[in-house]
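K.L.:
What follows is a structure written as structure tokens; I'll ask about it next.
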Amino acid sequence: MNVFAALTLPNGSLVPNRIAKAAMEENMAQTDQAPSERLMRLYQAWADGGAGLLITGNVMIDSRAMTGPGGVVLEHDAQLEPFKRWARVGRSRGAQFWMQINHPGRQMQANLGQQTWAPSAVPLELGSMSKNFGTPRAMTTPIIDEVIARFARTAQLAEQAGFTGVEIHAAHGYLLSQFLSPLSNTRTDEWGGPLENRARLLLEVVKAVRKVVSPGFAVAVKLNSADFQRGGFSADDARQVVALLNGQGVDLIELSGGSYEAPAMQGEARDGRTLAREAYFLDFARDIRQVAQMPLMVTGGIRRLPVAQQVVASGVEMVGIGSALAIAPSLPNDWQRGVDPAPQLRPITWKNKALASLANMAAVKFQLRRLSLGRAPDPQVSPLRALVLQQLANALRTRQYRRWMREVGKRGGCSGAV
């Protein structure tokens, strides 16, 4: 199978080729958390670049629950106009354009000033950086029900805006992933304990989303192949969750791995495993392929055409590419022209793995900022410089977010407790 062959999804819709721009968090919202002009320019670069599928960075289902300052939020139909424009940009060259929808759970910085919720009151373990995240409160059943409704509402609004699908984020240690892991979910009710209970929230979200969108609208799930922490969500757990998702109207499962505590999505494990230099999670995908009845996508470290071809030759239908497309947004077109630039950021070998993970993300966001301004990427940027610039930007966006939330609160536009 060739990466440039089209893929027909279970819902009957067509993806023009097997290359997907995977989600990367941009933090480029306007001050009212809507898509900005810079975000439009960034996605036009990717739309022009030739990928068959574009997946947005995190779009939050609740303005009080953010993965970071400057994040995009979609809660109400009053917000639809900028999202309609964003959808037109993403689809302008014929690609499918999916909105990744998410709730951070406990992975929300304390300085954003919001109450943090999670399956259980288990804080993040990030060494000296743990203080940046508060201890979450355990979610009650009414709050769980509200989260399910919010995922469904955001998906419904995404379809109204013109997106062709949504990807439900259940990986990387965010809320749905927290419910799946026995390390962060210590509940003893119907939402915790055995895997079928820990997977209940993800399944209920998928069912609620599928119920409110049209049959031709794609519903995908991003799932950890493992969370790479001893005693956590395992590869066997992932295989069982995929089996539970069979028959639920899921059009694609993207396999990744890790969390803030163990950033395997950047090639770092915390359970002693050694990940491949590229296509980190391909071996896990081959195993899950045996039970999955829907197409699979593998994301993590892919930057060369032979590796992408290896992924589809293994029986995995889609190749997800993140950082490489931040450096070379026209990479799919380059490959079709016979050019394989193998884009790569400067390696980071810092001993503090949590800080190195932040620096890696900052280096990626540095490229995104340059693309959004119409400038060429700079893959040789100093990781330290990128990190300092990102921290300064985060401080500004955090102040803007807190000010916006105060204004929303005064207008009575922030209800509920999630």
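The values are calculated or read from the model by the stated rules, or taken from the named source; none is laboratory data. This is a predicted model, so every value here is computed, not measured. Positions of Cβ are backbone-derived with ideal geometry, glycine not excepted, and every protein chain shown enters the neighbour counts. Side chains are part of the model used for accessible areas, which takes the heavy atoms of the whole protein and leaves out ligands, DNA and RNA. Shrake-Rupley method; radii C 1.70, N 1.55, O 1.52, S 1.80 Å.
K.L.:
Among 222/365; 21/353; 21/351; 21/365, which pairs are too far apart, with a Cα-Cα distance over 23 Å?
P.N.:
The pairs that break the limit, which is 23 Å between Cα atoms, are 21/353; 21/351.
K.L.:
Using Cα pairs under 8 angstrom and six or more residues apart, how large is the relative contact order of the chain, in percent? Working shown, then result.
P.N.:
Numbers: 909 pairs, mean separation 69.9, N = 418.
Relative contact order here is 17 percent.
K.L.:
To continue, here is another question. For the stretch 293-355, rounded, prolate or oblate, judged on the Cα gyration tensor with a ≥ b ≥ c (square roots of eigenvalues), a/c < 1.5 rounded, else prolate if a/b > b/c?
P.N.:
Oblate shape, in that a/c is at least 1.5 and b/c is the bigger or equal ratio.
K.L.:
For a quick check of your reading of the filter: which trypsin sites (Lys or Arg not before Pro) in the stretch 168-262 sit in a DSSP loop and have no more than 11 other Cβ atoms within 10 Å?
P.N.:
Passing sites in the stretch 168-262 are 230.
K.L.:
Averaging sequence separations of C-alpha pairs under 8 Å and six or more residues apart, then dividing by the length of the stretch 101-189, give the relative contact order as a whole percent. Don't jump to the answer; show the numbers that get you there.
P.N.:
Numbers: 116 pairs, mean separation 35.2, N = 89.
Normalised by residue count, the contact order of the stretch 101-189 is 40 percent.
K.L.:
Let me know the Kirkwood hydrodynamic radius for the chain, please, with Cα pairs as the basis and the value in Å to one decimal.
P.N.:
This gives a value of 21.1 Å.
K.L.:
What order, most packed first, do the peptides 14-26, 282-294 have when packing is the mean number of other Cβ atoms within 10 Å of each residue?
P.N.:
Descending packing order for the listed peptides: 14-26, 282-294.
K.L.:
Still on this structure: Of the heavy-atom accessible surface of the chain (probe 1.4 angstrom), what whole percent is carbon and sulfur?
P.N.:
Of all accessible area on the chain, carbon and sulfur atoms account for 50 percent.
K.L.:
Rounded, prolate or oblate: which one fits the stretch 335-406, using the alpha carbon gyration tensor with axes a ≥ b ≥ c (rounded when a/c is under 1.5, else prolate when a/b beats b/c, else oblate)?
P.N.:
Here the stretch 335-406 falls in the oblate category.
K.L.:
Distances over 19 Å make up what percent of all Cα-Cα pairs in the stretch 177-227?
P.N.:
Details: 440 of 1275 pairs.
For the stretch 177-227, the share of Cα pairs beyond 19 Å comes to 35 percent.
K.L.:
What shape does the stretch 102-169 have by the C-alpha gyration tensor, where a ≥ b ≥ c are the square roots of the eigenvalues, rounded means a/c under 1.5, and otherwise prolate means a/b greater than b/c and oblate the rest?
P.N.:
Verdict is prolate for the stretch 102-169.
K.L.:
Based on DSSP H runs of at least 4 residues, each adding -39500 (n - 2.57), what is the mean residue ellipticity at 222 nm of the chain after dividing by all its residues, to the nearest 500 deg cm²/dmol? Spell out each step's value before the answer.
P.N.:
Values: 13 runs with 154 residues, N = 418.
Computed ellipticity for the chain at 222 nm equals -11500 deg cm²/dmol.
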